[in-house]
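The values are calculated or read from the model by the stated rules, or taken from the named source; none is laboratory data. For clarity, every value in this text was computed on a predicted model and none was experimentally measured. Every residue, glycine among them, receives a Cβ derived from its backbone with ideal geometry; neighbour counts consider all protein chains shown. Remember, those area values only see protein heavy atoms, side chains included, never the ligands or the DNA or RNA. Shrake-Rupley method; radii C 1.70, N 1.55, O 1.52, S 1.80 Å.
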Amino acid sequence: PAAETLLDVRGLRGGYGRIEVLRGVDLQVARGEMVALLGSNGAGKTTFNHTLCGLMKPWAGSVRFNGVELGGAHYREVVRAGLIQVPEGRKIFPNLSVMENLELGSFTRARARRAQNLEKVFGIFPRLKERTAQLAGTMSGGEQQMLAIGRGLMAEPELLILDEPSLGLSPLLVEEMFALIGRLRGEGLAILLVEQNVGQALEMADRAYVIENGSMRFSGRPEELLNSDALRRAYLGV
Ligand code: ATP
């Protein structure tokens with residue numbers, strides 16, 4: 001549905017030096033939609049994210065967001081537009097406090113509403129409120145992941161990209177993480193979920209893509225993927 005398309009990626013190519021990793025990738029996210037991006041190790045998920053978010057220059061193709069071309073734009077411009085990435089590996093600033101990390105989330109966007117967004121984030125993550133002065137690097141793995149998401153929310157995302165949010169979390173925390181993602185989505189936030197945790201990602205997503213060797217091999221409804229033995233074997237390894 002073209003009218004509600006929020007993110008429209010077409011023919012995106014990119015890579016490192018002379019090595020092409022993304023071989024013409026298409027991906028769309030509609031307003032309020034939750035989309036899962038799946039793919040095995042080395043498939044190109046991180047490269048796609050980085051190229052999307054202005055951390056790497058695309059070689060070709062377009063990234064339209066809210067009707068504005070962002071392909072090749074600086075990272076800051078991408079953030080300003082509301083395309084907010086929560087990086088994998090909980091890349092928070094370990095030597096800054098929880099509060100400082102959250103404040104940095106609104107450095108580029110939504111700075112004027114920092115106080116109210118802080119309250120909102122504390123409402124979602126009471127643990128962060130209890131620990132504002134703690135050095136982020138001393139938080140537990142799960143807490144750091146919450147902080148990374150909280151920092152992303154501080155920028156009032158229009159599209160939140162979550163890169164492997166369940167990575168390294170215990171089963172209980174994985175449950176909590178997916179519950180939280182469901183809650184954000186319930187509030188109408190568009191989410192692009194990059195996950196290895198295929199089962200839960202597909203359970204929640206409106207649509208899914210599978211990337212392999214830098215090309216999209218599947219796009220469609222999660223049921224299509226789950227109900228086809230051939231597709232499951234080819235792309236999900238089950
Ligand atoms: P994972 O799930 O393991 O993180 P991924 O899907 O995110 O995998 P990418 O990290 O995007 O995959 O890697 C895609 C390809 O690009 C791989 O073949 C990888 O070796 C290559 N690659 C990644 N970073 C670099 C780099 N800095 N220089 C050269 N090649 C790279």
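Pick out the one residue from ASP206, ASP163 that is open to solvent by less than 10 Å² (accessible area, probe 1.4 Å) and either away from the ligand (no atom under 16 Å from the Cβ) or within 28 Å of GLU77 (Cβ to Cβ) (or both). Quick ask: steps written out before the conclusion?
Working: ASP206 fails: open to solvent by less than 10 Å² (accessible area, probe 1.4 Å).
From the options ASP206, ASP163, the qualifying one is ASP163.
Which numbered condition trips up LEU189, out of (1) open to solvent by less than 60 Å² (accessible area, probe 1.4 Å); (2) more than 16 Å from the ligand (Cβ to nearest atom); (3) touching a residue at least 24 places away in the same chain (Cβ under 8 Å); (4) closer than 18 Å to ARG90 by Cα?
(4)
I'd like the full set of residues that are within 16 Å of the ligand (Cβ to nearest atom), surrounded by 21 or more Cβ atoms within 10 Å (Cβ to Cβ) and in a loop (DSSP other than H, G, I, E, B), limited to region 61-107.
Result: ARG90, single match.
With the requirement that a residue be within 14 Å of the ligand (Cβ to nearest atom) and crowded, with 18+ Cβ neighbours inside 10 Å, what does region 28-46 give you? Break it down stepwise before answering.
First, pick out the residues of region 28-46 that are within 14 Å of the ligand (Cβ to nearest atom): 36-46.
Within region 28-46, ALA36, LEU37, LEU38, GLY39, ALA43, GLY44, LYS45, THR46 meet the criteria.
With GLY152, GLY237, GLY214 as the choices, which residue is in contact with a Leu (Cβ under 9 Å, 6 or more places away or on another chain) and within 16 Å of the ligand (Cβ to nearest atom)?
On the way: GLY152 fails: within 16 Å of the ligand (Cβ to nearest atom); GLY237 fails: in contact with a Leu (Cβ under 9 Å, 6 or more places away or on another chain).
Being in contact with a Leu (Cβ under 9 Å, 6 or more places away or on another chain) and within 16 Å of the ligand (Cβ to nearest atom) holds for just one of GLY152, GLY237, GLY214, which is GLY214.
Can you name every residue in region 17-27 that is in contact (Cβ under 8 Å) with a residue 24 or more places away in the chain and either more than 15 Å from ILE191 (Cβ to Cβ) or open to solvent by 70 Å² or more (accessible area, probe 1.4 Å) (or both)?
Pass one, region 17-27, residues in contact (Cβ under 8 Å) with a residue 24 or more places away in the chain: 20-27.
Selection gives GLU20, VAL21, LEU22, ARG23, GLY24, VAL25, ASP26.
Out of LEU147, LEU184, I need the residue that is in contact (Cβ under 8 Å) with a residue 24 or more places away in the chain and in contact with a Phe, Trp or Tyr (Cβ under 9 Å, 6 or more places away or on another chain). Which one?
Working: LEU184 fails: in contact with a Phe, Trp or Tyr (Cβ under 9 Å, 6 or more places away or on another chain).
Sole residue among the options that is in contact (Cβ under 8 Å) with a residue 24 or more places away in the chain and in contact with a Phe, Trp or Tyr (Cβ under 9 Å, 6 or more places away or on another chain): LEU147.
When you look at THR51, is it open to solvent by less than 30 Å² (accessible area, probe 1.4 Å) and in contact with a Pro (Cβ under 6 Å, 6 or more places away or on another chain), yes or no?
Details: open to solvent by less than 30 Å² (accessible area, probe 1.4 Å): yes; in contact with a Pro (Cβ under 6 Å, 6 or more places away or on another chain): yes.
Taking the combined requirement at face value, the residue satisfies it.
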